[in-house]
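The values are calculated or read from the model by the stated rules, or taken from the named source; none is laboratory data. All values reported here derive from a predicted model rather than from experimental measurement. As a convention, Cβ positions derive from the backbone with ideal geometry for all residues, glycine included, and neighbour counts pool all protein chains shown.
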Amino acid sequence: MQSAPGAQVAGPSVEDGHGQNANGVGAGPVTAHDVEPCANETADRIATGIVTVVPVLMLGVVVWQAWAELLYWHDFLVFALMYVTTGLGITVGFHRHFTHRAFATSKPVRATLAVMGTMAIEGPITAWVADHRKHHAFSDQHGDPHSPHVDHGHGLRGALRGLAHAHVGWLFLHTQRANKRRYAPDLVDDDTIAFIDRTTLWWIGLGLVLPFGLGYALGGTIQTALTGLLWGGAMRILLLHHVTYSINSLCHFFGRRRFDTGDQSRNLAWLAPLTFGEAWHNNHHAFPTSAAHGLRWYERALDPSAIVIGALRRLGLVWDVVTISGERQAAKLATAAR
Ligand SMILES: [Zn+2]
Ligand SMILES: [Zn+2]
């Protein structure tokens, strides 16, 4: 389906709140009404710290495991299965469907995608979507929760500070987190999604029980169950987190800008396969509702999320998939060139 002109908004509240497109350029100044206060900042920071640091510490266990020759072929299989499941939950689910409505689908598929994404431990779904819509509304301006370019100073020091903030530092701050009621009212009012949001810890637990069970099923011992947990849990979380964080940091700093989006979003080809196509980030800021972030044929080949959405469409599981015609892309390029 061709997207309607009015469909270029990141979410309803962004359109309602600012009357702007999803690039956020020219969005009014951020107000207190845009920001979600944190109920218990210390507890939030401790939880975020544990989730961030423990997988890094587990790298030490992996080194020991390799040295002790306890590394099994099925560890990599469990890792790959969990990485793909939770990664697509974020890219196809949290990002392209829930945040940008790049396609429509049934309640069971929505619930499945929401659970898959929640297992990635990137926060409850509603907060994730609200923060990301706010990122589009204020992209690289004051109000963007994770811009590497706002208020970090100049020169190399400012660049490194900005990258650190966009990559992981912002997760510990709550000054620009999006007001969920304002930025994601569609999810707040959806009973199924609200339930999955409330029970986030269950799904995080499921994301750890699954690799433990897979390790046991494939190897038959508690030891293989534990190495399954190590790879399908800790190592999968470590890689997927830093790959996701790289969209916020590297893809607003390094790479090519085909479209003049009024922000610093960039296409970073080498990161595309690992991010399931999300690294075509300048394309994404140019056409936020597009189901495909890779727009040229070779970009599309490195956009696994778009390939999955295409397969789901052929199976009849998703519909109203938003595509951007060559003419619209050319028109956007011509506007920038004038
Ligand atoms: Zn961005
Ligand atoms: Zn987006």
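Miscellaneous remarks
- Among the numbered conditions (1) of a type in the set (D, E, K, R); (2) within 12 Å of ligand 1 (Cβ to nearest atom); (3) not in a loop (DSSP other than H, G, I, E, B), the only one that residue 144 does not meet is (3).
- Taken over the stretch 259-282, the criterion of being touching a residue at least 24 places away in the same chain (Cβ under 8 Å) and within 11 Å of ligand 1 (Cβ to nearest atom) is satisfied by 261, 263, 264, 265, 278, 279, 281, 282.
- Being in a helix (DSSP H, G or I) and at pLDDT below 90 holds for only one residue in 59, 70, 88, and it is 59.
- If you go through the stretch 317-338 and pick out every residue that is closer than 16 Å to residue 92 by Cα and not polar (S, T, N, Q), you end up with 6.
- Some residue of the stretch 307-322 being of a type in the set (Lys, Arg) and modelled with pLDDT of 95 or more: yes
- Lone unmet requirement of (1) assigned to a loop (DSSP other than H, G, I, E, B); (2) farther than 19 Å from residue 146 by Cα; (3) more than 17 Å from the chain's Cα centre (by Cα) for residue 208: (1)
- Candidates 317, 302, 268, 240: the one that is under 14 Å from the mean Cα position of the chain (by Cα) and either under 30 Å from residue 76 (Cβ atoms) or of a type in the set (Val, Ile, Thr) (or both) is 240.
- Applying a threshold of 6 Å to beta carbon distances and a minimum spacing of six or more residues, or different chains, the list of pairs starting in the stretch 128-148 at a residue that is under 14 Å from residue 34 (Cβ atoms) and ending at one that is buried (at least 24 other Cβ atoms within 10 Å of the Cβ) and of a type in the set (Phe, Trp, Tyr) reads 130/183; 133/183; 134/183; 144/138.
- Hits in the stretch 278-300 (condition: surrounded by fewer than 24 Cβ atoms within 10 Å (Cβ to Cβ), over 15 Å from residue 332 (Cβ atoms) and not charged (D, E, K, R)): 297, 298
- Any hit, the stretch 37-44, residues being within 17 Å of residue 234 (Cα to Cα), modelled with pLDDT of 85 or more and out of contact with any strand residue (DSSP E or B) (no Cβ under 7 Å at 6 or more places or on another chain): no
- Test: residue in the stretch 98-106 that is among the basic types (Lys, Arg), within 16 Å of ligand 2 (Cβ to nearest atom), under 29 Å from residue 316 (Cα atoms) and not in a loop (DSSP other than H, G, I, E, B): no
- Answer residue from the stretch 283-294, given it is more than 12 Å from ligand 1 (Cβ to nearest atom) and touching an Asp or Glu at 6+ places or on another chain (Cβ under 9 Å) and is nearest to residue 149 (Cα to Cα) among those: 294
- There is at least one residue in the stretch 252-272 that is assigned to a loop (DSSP other than H, G, I, E, B), closer than 19 Å to residue 93 by Cα and either among the aliphatic types (A, V, I, L, M) or within 14 Å of ligand 2 (Cβ to nearest atom) (or both).
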